[in-house]
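Take a look at the structure below.
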Amino acid sequence: MTLDDIPRWFPLETERLLLREFRPEDFDDIQAYASDHEVSRYMEWGPNTPEITRKVLDDRLMDQTVWPRANVNLGVELKSEERLIGSIRLGVSDLANRTGDFGYAYHRNYWRRGYATEAAHILLGAAFEKLGLHRIYATCDVRNAGSWGVIEKLGMRREATLIEDTLRRDGWRDSHVYAVLEREWAGR
Ligand SMILES: CC(C)(COP(=O)(O)OP(=O)(O)OC[C@H]1O[C@@H](n2cnc3c(N)ncnc32)[C@H](O)[C@@H]1OP(=O)(O)O)[C@@H](O)C(=O)NCCC(=O)NCCS
């Protein structure tokens, strides 16, 4: 398998959400969540200044001109409000072993309504069915109950807890590692 074998697999649509490429006019919606310290508490980035968000968005728009690419970042649009409420990433982290990983962040006003689970669910389906991945994993800070709540709701298996594997601004963090295989996803 090479990156060239991967078809363009987005946009993706669910009942409430559209997972799509970023647009210049998404700036305000991105800044609204990326500037929130609660959203970035367990992330390697943020809280973003407008200048940083501008640079991130410019980088995303530039990335989008290249295909194929190993890492795909998509905006998550709430269809009823026609605005971005967050973003999601799928990376083909190990092509030879057909392994991918994913991550996400959402505006605080939209938490606990099932959006993160809904978006990740369609993303994993595409990763297995359209990209042909064999295994998908996700890692998160052990303190980030919201994140592993989403991952467990998706039916992923906790495979390990790594001790002080990641250096964040508040020090070394422990991480849970979750994974799911294609055959497990198909057999749910
Ligand atoms: C983590 C995050 C993505 C969850 O998004 P969400 O849209 O609220 O998640 P969902 O509504 O799909 O929640 C799914 C399940 O996760 C669990 N969960 C979600 N947020 C939770 C929280 N704050 N505390 C405890 N459990 C939580 C619940 O079990 C929930 O199911 P329920 O609402 O039926 O009880 C969101 O809080 C966020 O953007 N956080 C900041 C960024 C971040 O930490 N990203 C992950 C980095 S690894």
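Values computed for the structure shown
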{"read-out": "Selected residue (criterion: farthest from the chain's Cα centre (by Cα)) from residues of region 100-109 that are more than 6 Å from the ligand (Cβ to nearest atom) and buried (at least 17 other Cβ atoms within 10 Å of the Cβ)", "value": "107"}
{"read-out": "Odd one out for residue 31 among (1) surrounded by 15 or more Cβ atoms within 10 Å (Cβ to Cβ); (2) part of a helix (DSSP H, G or I); (3) touching a residue at least 40 places away in the same chain (Cβ under 8 Å); (4) touching a helix residue (DSSP H, G or I) at 6+ places or on another chain (Cβ under 7 Å)", "value": "(3)"}
{"read-out": "The listed residue being polar (S, T, N, Q), part of a loop (DSSP other than H, G, I, E, B) and either free of Cβ contacts under 8 Å to residues at least 12 places away in the same chain or near the ligand (Cβ under 10 Å from one of its atoms) (or both), out of 117, 65", "value": "65"}
{"read-out": "Test: residue in region 13-35 that is of a type outside the set (A, V, I, L, M), within 15 Å of the ligand (Cβ to nearest atom) and in contact with a Cys (Cβ under 8 Å, 6 or more places away or on another chain)", "value": "no"}
{"read-out": "Failed condition for residue 112, given (1) more than 10 Å from the ligand (Cβ to nearest atom); (2) out of contact with any helix residue (DSSP H, G or I) (no Cβ under 6 Å at 6 or more places or on another chain); (3) part of a loop (DSSP other than H, G, I, E, B)", "value": "(1)"}
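Where a number appears in this text, it was derived from the coordinates with a stated rule and is not lab data. The shown structure was predicted, so the numbers you read here are calculated from the model rather than taken from an experiment. Counting neighbours? That spans all protein chains shown, and the Cβs are built from the backbone with ideal geometry, glycine included.
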